[in-house]
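Encoded as structure tokens, the structure appears first; notes follow it.
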Amino acid sequence: MGDLVNGCIIVRQINEKNMEGIDLSDFKSQAIRGKLNINATTFGRVLSIIDFGNVNYWFEDDRMDIDGNDIGADEKFSISLKMLNDFLSCFSIKSRFYFGYDPNKNKSLGFIAVAERIFGNRNVITKPMQFVKHYIKNNEITTREINQNRDGKYILIPKCNFDVEISIDSVRLAENYDTICLLSGDADFMALAQYLKSGLDKKVVLIKSGFIKSEFYNLVDLVINAQDIKKYIAIKKQKSRP
């Protein structure tokens with residue numbers, strides 16, 4: 001029995017010695033790169049662009065977890081900014097985060113502050129949201145605050161488009177990357193992708209949710225479905241009460 005215990009101790013010490021100096025984060029990065037087919041030789045330096053107004057709703061309607069199990073009626077999936085940053089850091093030299101804020105809500109301002117802490121102040125691009133009136137039909141259900149005027153009941157839908165800012169930055173920073181990884185799927189970025197590839201000889205990786213135009217799909221070098229990275233960036237949370 002003594003020999004067995006001593007043998008186990010020796011094996012453990014050898015394993016611990018072999019693990020010294022090995023960065024486990026490198027294993028994770030290599031595993032994710034391999035799973036997504038983002039190899040360093042082909043794609044070089046990757047700059048990730050997060051159109052969070054699009055990304056934020058990727059898993060909003062999902063009713064199953066990553067193992068195919070149903071989630072509770074009072075649960076939903078939410079993007080974790082820290083998990084998102086950690087995931088993108090596995091293959092990106094830098095990530096830039098684009099999202100608007102509501103100047104009248106402390107929660108919205110706080111969210112931007114968290115994003116700045118995680119991604120870095122210089123990598124968070126923001127501006128005040130605009131609000132568009134949407135008049136409610138008789139059978140329409142909403143959890144948003146309902147307002148009313150002489151034309152009927154309506155809700156205010158936030159809108160904050162960063163197409164221009166993302167396009168300008170992608171061209172302005174072109175010398176700093178070989179591949180741009182765009183987290184969006186918005187067809188408005190087709191022209192940008194076309195210019196980056198044909199005009200600047202860049203590669204384009206697209207991480208998207210749902211349907212995209214076939215022209216966009218065939219244009220980029222690699223398409224990744226958001227569901228394939230769900231386990232890396234999303235967590236289950238309780239739904240807010242109406």
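Once the mean 1/r over all distinct Cα pairs of region 106-155 is inverted, what Kirkwood radius in angstroms do you read off?
13.7
Any chance you could give the angle, 0 to 90 degrees and rounded to 10, that helix 24-36 forms with the longest Cα principal axis of the chain?
60
Can you tell me the 0 to 90 degree angle between the C-alpha axis of helix 106-119 and the longest principal axis of the chain, rounded to 10?
On a 0 to 90 degree scale, this one is about 30.
Give, as a single signed number, the net charge of other residues whose beta carbon lies under 14 Å from the beta carbon of PHE77, with Lys and Arg counted +1 and Asp and Glu -1. Could the numbers behind the result be given before it?
Values: positive: ARG63, LYS76, LYS230, LYS231, LYS236, LYS237, LYS239; negative: GLU60, ASP61, ASP62, ASP65, ASP67, ASP70, ASP74, GLU75.
Once all neighbours under 14 Å are counted, the net charge is -1.
Expressed as an acute angle from 0 to 90° and rounded to the nearest 10, what is the orientation of the C-alpha long axis of helix 163-172 relative to the principal long axis of the chain?
40
As a test of the formula, what do you get for the chain when each DSSP H run with n ≥ 4 contributes -39,500 (n - 2.57) and the sum is divided by the residue count, at 222 nm and rounded to the nearest 500 deg cm²/dmol?
Details: 10 runs with 91 residues, N = 242.
Computed ellipticity for the chain at 222 nm equals -10500 deg cm²/dmol.
For ALA73 and ILE93, compute 0.36 nm times the residue count separating them, minus their Cα-Cα distance, and round to one decimal in nm.
3.3 nm
Under a crude label model (7 Å from the Cα following the beta-carbon direction), how far is ALA31 from VAL114 in nanometres?
2.6
To the nearest µm²/s, what D does Stokes-Einstein give for the chain at 25 °C and 0.890 mPa s, using the Kirkwood radius over alpha carbon pairs as Rh?
Roughly 118 µm²/s, to the nearest whole number.
Would you grab the residues whose amide H sits under 5 Å from the one on GLU75? Only those 5+ places off in sequence or on another chain, please, with H modelled 1.01 Å from N.
LYS239
Every number here is computed from the coordinates shown, using simple stated rules; none is lab data. Here the structure is a predicted model, which is why all the values come from computation and not from measurement. Cβ sites come from the backbone with ideal geometry, for glycine too, and all protein chains shown count toward neighbours.
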